[in-house]
2 protein chains.
Amino acid sequence: MRRWNGWGDDATSMALNDNARAMMHARLGPGRPGQDATRESLLARIPASRISAHPLIATDASSRLSMALGESFADWIRKRFGALPPVPDGVAYPESSEQVRELLDLAQQHGWIVIPIAGGTSVAGHLDCPVSGRPILSLSVSRMNRLLHLDTTSQLATFGAGTPGPLVEAQLRAHGYTLGHFPQSFEYSTVGGWVVTRSSGQQSLRYGRIEALFAGGHLETPVGPLHIPTLPASSAGPDLRELVMGSEGRFGVLTEATVRVTPLPEHESFHAIFLPNWDAAEAAVRTLVQRKLPLSMMRLSNGIETETNLTLAGHATLIGWMERYLALRGCGTDKCMLMLGITADARTARHALNEARRTLRSFGAVYIGPAMGSKWAANRFKGPYLRNTLWDEGYCADTIETAVDWPQVKPLMLAMEQAARDVFAAYGERVHAFTHLSHMYPQGSSIYSQYVWPTAAGGFAPNFERWQKLKAAVAQAIADHGGTVSHQHGVGRDHATQLHVEKGPLGMATLAQLCKHFDPQGTMNPGKLLQDGGPWAST
Amino acid sequence: MRRWNGWGDDATSMALNDNARAMMHARLGPGRPGQDATRESLLARIPASRISAHPLIATDASSRLSMALGESFADWIRKRFGALPPVPDGVAYPESSEQVRELLDLAQQHGWIVIPIAGGTSVAGHLDCPVSGRPILSLSVSRMNRLLHLDTTSQLATFGAGTPGPLVEAQLRAHGYTLGHFPQSFEYSTVGGWVVTRSSGQQSLRYGRIEALFAGGHLETPVGPLHIPTLPASSAGPDLRELVMGSEGRFGVLTEATVRVTPLPEHESFHAIFLPNWDAAEAAVRTLVQRKLPLSMMRLSNGIETETNLTLAGHATLIGWMERYLALRGCGTDKCMLMLGITADARTARHALNEARRTLRSFGAVYIGPAMGSKWAANRFKGPYLRNTLWDEGYCADTIETAVDWPQVKPLMLAMEQAARDVFAAYGERVHAFTHLSHMYPQGSSIYSQYVWPTAAGGFAPNFERWQKLKAAVAQAIADHGGTVSHQHGVGRDHATQLHVEKGPLGMATLAQLCKHFDPQGTMNPGKLLQDGGPWAST
């Protein structure tokens, strides 16, 4: 069963081995486990619904609590410490575009706020409820979870927008196809959520971001339907798909999405490679991606992350021998691990791996082989489970990500880690900050930094304050280096304050104008993407 | 020197060999050369400018005539028959974003209409001047034609928007780079024009359409500047680049564009391959593009185009022997020619060619080799020159293109050719219609049909009427099959009537709202993209 106050299914957990625990102690001091609130105590405090009975809308406390929050760190500590912000007044589970239409009309008629939700995995505050005199309806598309049409000639598949990753892949695999979109939230996040937040999957190097996969669909907006037909390419004016992507529930509710699928690959493998230091490693992956080799993934950990991952992996004796071998081959304490994915027909896969290894050798790379890669693939969606474990040990964990052109990748990576250290130093605390590049482009790369720090004593308020300072400091570093506010998590409420840096004044006015155009009454997800909603509870 | 009433430089011409002439006679009857108007006669009829003297604006008749029209068939016969519609009242050649800003402010202050222009190669009526009480300023960005910045680490190059293809490539080649964007209009069309009309180059299979190449830029809009920073990828809300692309001068004037460039390739070659018939050929190219092999181009001619091209090629004896050989190998009268481009490092090129040939063999393909491919490459921008030759022989020529998902490619291709034949049959005339697919995607393909028919006696009016009926009938066929109004030429005035079919009512309202947002006074290029301008001269 899905955890109500932590990541994922409660049958899955990631243990921390003794060496990893010792590393955390050494780097951060002992953990300080907080006292978790019970779900019952939160349920007892949910106020009466302001939405009157309707056959499509559930108003029981349990449904409302389950839709109230996402998976951001702020959402996490709200649940863990029982610091309950406003929750929706009702939850609807429409099963068709027609029912979504009916609900939007109802919402406008009664002056409700509508917050669309699917997998509920947002880590950017997309699901926050404002403090408002207006009733709030959470509109879940999770029952629209079917493969509606598959055209194998055009390799196009139409899904209900609420179809989660595993159901996308299972329904396609039955026909020999894959979408190939594997974000870390894959187990719960949905095709509709991917589209409206511009998601990126781990193998985007082969399959493309969701921007490349989304071919068309159906959006119900407050002022009527927007149907986007599939076209292989078009020069017919601005591309309306691009308004749907990244709209984060502001323009309407995506009900159906047609995506570009691919036959299941003949060959797929993942390979671990070590490089002597960051500069060599960055130059190597930049060279590979600029060569446009048919790879499916590159994931480059910096030195601290490499050390962290090797410690987390367990098998200390085995890893110890590997490290001795690597050191002899020139990959010592500064070494960086690269995970390389190859997904193709067998001959192309062979060509790609040979070429990649040939290029990597010139940067001092040591090829380890596919064993660690297979292990990575087996655990590819398990990373977030570690957050549950760390919390129980008394540590907080969060991630912040961006993307920037190559010349700023290293300076920004260092600045993001340093900004976090400075924030916690002011509290007399330490933070363990480490980073990888997971999505590389000829022009630049995403940067994905992870932060672990000891939970503060005193419950919600001091922990929330530390997190806010962390987010603000790292966001400032990102803005200073010309990075985007988000490469793969979207804007939501958490990044809305910074969006103007990259969109500029006229860009921001344009987005506001589009909100007004599609949603003249301000029904849809206010305060997300743009800072026009709220006020917000201090919790 | 560039021809004022025909395509290209007057030092270049494409002769029609005797066999090609005989084929035209046999298929269409004798040509009927019209009487060309002189440039002087047109200049003499240009009315006085309604724009008073300004240091940035030329108002002489010669400048105004040269900016008045593009390269559409309608524009062509206007010039050839001297049927002059309204021309701009003045022409400005700003050299900086600041001067563009000044001109836009001036235009709004005086109530002028502004029509941005660069290479002037539009074949969709982007440059038409409405019949209006408002003075019309043609704003040419052609002096903004420099490489302003090259970042070899991120492989990003910033150009003045008016930089034409040859200057883009020459300035990049000096540093060992290429943009790789080669539309047939390459000799004159510009980076800015490519962006605002969503252009596609012949090797888009490797380099991507301009959508993939355009990384950011600077747009001066009537309400202020919109600066779009370069980012390798972003999930930060709707992508504003996508509003600039396809805006066709409606939202403002693009002054600078940053594009993604690539080191010059180690290897480039083009290969001719024949397939027995259309069905085998279409299945073969679909299989190749869906395999995502690293090819740089596929260009598949249907049977009529294959025959036409082999006749146009000359060398009748040589071609005759080749056709005998092909027939023995199963490629007889229905054969279709495929031109395959390979652009990559040497080893990847070898892999790609081997894999492509292996796949093609299973569809009955016969590989001819690179000689015809080299000839194609040498003449890759010469096609439009044939229009000059045909006109002199008494024939009209035009092209209509679209893109559609694979299941509709053949039905739509046949319908586009048949619609043309039906239109001319009603006049008791014949039309030579032939087609190729030049841009293929896993999901579908572009369709590029060419039409040649005898010039009608009687000057502008009967020729204009025939062309209007041709465009309308083919557009209807495209709409009936779910094709886009344009894959690579844009909307302009000629396709604006059909745009609603693919954008839908809310999509059209959204584009209109965006025009109003960026251009509240309706200054920018009215009647293009959307049907809100005019009235238009009957000529």
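Just so it is clear, none of the values below were taken in a lab; they were calculated from the coordinates. Quantities reported herein were computed from a predicted structural model and do not represent experimental measurements. Here the Cβ is made from the backbone with ideal geometry for all residues, glycine too, and neighbour counts use every protein chain on show.
Which residue, B:S438, B:P263, A:Y93, has the largest displacement toward the positive end of the dipole of the protein assembly as shown when charges sit on each Cβ (Lys, Arg +1; Asp, Glu -1)?
B:P263
What fraction of the DSSP beta bridges in chain B is antiparallel, stated in percent and rounded to the nearest 5?
Numbers: 62 of 71 bridges.
If I count the DSSP bridges inside chain B, around 85 percent turn out antiparallel.
Could you tell me which residue out of B:L167, B:I113, B:A58 lies farthest along the dipole of the protein assembly as shown toward its positive end? Charges go on the beta carbon: Lys and Arg +1, Asp and Glu -1, centred on the Cα centre.
Result: B:L167.
Can you give the charge dipole size of region B:391-539 about its Cα centre, rounded to the nearest 20 debye, using +1 on the beta carbon of Lys and Arg and -1 on the beta carbon of Asp and Glu?
220
Please compute the alpha carbon radius of gyration of region B:1-110, then divide it by the globular-protein estimate 2.2 N^0.38 Å. Two decimals is fine. If you can, show how the numbers build up before the last one.
Details: Rg = 19.0 Å, N = 110, 2.2 N^0.38 = 13.1 Å.
Working it through for region B:1-110, the quotient is 1.45.
If contacts are Cα pairs under 8 angstrom and at least 6 residues apart, what is the relative contact order of chain B in percent? Walk me through the numbers on the way to the answer.
Details: 1140 pairs, mean separation 101.3, N = 539.
Relative contact order, chain B: 19 percent.
Considering only DSSP beta bridges with both partners in the protein assembly as shown, what is the antiparallel share in %, to the nearest 5? Numbers along the way, then the final one.
Values: 124 of 142 bridges.
The antiparallel fraction comes to roughly 85 percent.
Determine, from the Cβ-Cβ distance of A:A537 and B:D151 and an R0 of 41 Å, the FRET efficiency 1/(1 + (r/R0)^6), rounded to the nearest 0.05. Let's see the in-between values first.
On the way: r = 45 Å, r/R0 = 1.09.
About 0.35, to the nearest 0.05.
Per q in 0.16 Å⁻¹, report the Debye log10 I(q)/I(0) for region B:147-263, using one uniform scatterer on each alpha carbon and no solvent.
Taken in order of the listed q values, log10 I(q)/I(0) reads -0.68.
With only Lys, Arg, Asp and Glu charged, each at its Cβ (+1 for the first two, -1 for the last two), find how big the charge dipole of the protein assembly as shown is about the Cα centre; round to the nearest 20 debye.
With only Lys, Arg, Asp and Glu charged at Cβ, the dipole is about 1580 debye.
If you count, for every residue in A:511-517, the Cβ atoms of partner chains within 10 Å of its Cβ, what is the mean? It would help to have the intermediate numbers written out before the result.
Details: counts 3, 1, 5, 7, 0, 2, 8.
Neighbouring Cβ atoms belonging to other protein chains average 4 per residue here.
Express the relative contact order of region B:1-153 as a whole percentage, based on alpha carbon pairs under 8 Å and six or more residues apart in sequence.
Values: 196 pairs, mean separation 36.0, N = 153.
With pairs under 8 Å counted, the relative contact order is 24 percent.
Express the C-alpha Rg of the protein assembly as shown as a ratio against the empirical globular expectation 2.2 N^0.38 Å, rounded to two decimals. Numbers along the way, then the final one.
Details: Rg = 30.3 Å, N = 1078, 2.2 N^0.38 = 31.2 Å.
For the protein assembly as shown, the normalised Cα radius of gyration comes out at 0.97.
How big is the gap, in Å, between the Cα center of region B:299-371 and the Cα center of region B:40-117?
46
Compute the distribution of all C-alpha to C-alpha distances in region A:1-49, in bins of 10 Å from 0, and list the percent of pairs in each, rounded to whole numbers.
Reading upward from the zero bin: 19, 31, 33, 13, 4.
What does the structure give for B:412-421 when I average, per residue, the other chain Cβ atoms found within 10 Å of the residue Cβ? Don't jump to the answer; show the numbers that get you there.
Details: counts 0, 0, 0, 0, 0, 0, 0, 0, 0, 0.
Partner-chain Cβ atoms within 10 Å, mean over residues of B:412-421: 0.
Counting only other chains, what is the mean number of Cβ atoms within 10 angstrom of the Cβ of each residue in peptide B:152-158?
5
Taking N as the number of residues in chain A, what is its alpha-carbon radius of gyration divided by 2.2 N^0.38 Å?
On the way: Rg = 23.0 Å, N = 539, 2.2 N^0.38 = 24.0 Å.
Computed over Cα atoms of chain A, the ratio equals 0.96.
With contacts defined as alpha carbon pairs under 8 Å and 6 or more residues apart, what's the relative contact order of region B:281-392 in percent? Don't jump to the answer; show the numbers that get you there.
Working: 76 pairs, mean separation 40.6, N = 112.
With pairs under 8 Å counted, the relative contact order is 36 percent.
Tell me, in nm to one decimal, what length is gained between A:T287 and A:H500 on full extension, where the rule is 0.36 nm per residue of separation less the Cα-Cα distance? It would help to have the intermediate numbers written out before the result.
Details: separation 213, 0.36 × 213 = 76.68 nm, distance 3.24 nm.
Length gained, A:T287 through A:H500: 73.4 nm.
With 15 Å as the cut-off, how large is the P(r) tail for region B:309-367, expressed as percent of Cα-Cα pairs?
Numbers: 1027 of 1711 pairs.
Beyond 15 Å sits 60 percent of the P(r) for region B:309-367.
Take the Cα atoms of region B:267-378, find their three principal axes, and give me the spread along each one in whole Å, biggest first.
Per principal axis, max minus min of the Cα coordinates gives 36, 29, 20 Å.
Taking the Cα centre of the protein assembly as shown as the origin and placing charges on Cβ (Lys, Arg +1; Asp, Glu -1), which of B:P33, B:F424, B:T311 is farthest toward the positive end of the dipole?
Selected residue: B:T311.
Only Lys, Arg, Asp and Glu count, each charged at its Cβ (+1, +1, -1, -1), so figure out the dipole size of region B:267-378 about its Cα centre, rounded to 20 debye. Write out the running numbers ahead of the final one.
Numbers: 13 positive and 9 negative charges, 85 e Å.
My answer is approximately 400 debye.
Select the chain B residue whose beta carbon lies nearest to the rotation axis carrying chain B onto chain A, and write the distance in whole Å.
Value returned for chain B: B:E242, 2.
Obtain the nm distance between the two label points defined at A:S62 and A:L43 by a simple spin-label model: each point lies 7 Å from its Cα along the Cα-to-C-beta direction.
0.6
Between helix B:346-361 and chain B, what is the angle of the helix's C-alpha long axis to the longest principal axis, kept within 0 to 90° and rounded to the nearest 10?
60
Once fully extended, how much extra length lies between B:A26 and B:I319, figured as 0.36 nm per residue of separation less the alpha-carbon to alpha-carbon distance? Please list the in-between numbers first.
Details: separation 293, 0.36 × 293 = 105.48 nm, distance 1.97 nm.
Using 0.36 nm per residue and subtracting the Cα-Cα distance, I get 103.5 nm.
Leaving out same-chain residues fewer than 8 places away, which lysines sit with a Cα under 21 Å from that of B:K410?
Filter leaves B:K335, B:K471.
By the gyration tensor of its Cα atoms, with a ≥ b ≥ c the square roots of the eigenvalues, what is the shape of region A:328-394: rounded for a/c under 1.5, prolate for a/b over b/c, or oblate? All intermediate terms of the calculation are to be shown ahead of the outcome.
Numbers: a/c = 3.77, a/b = 1.52, b/c = 2.48.
Oblate.
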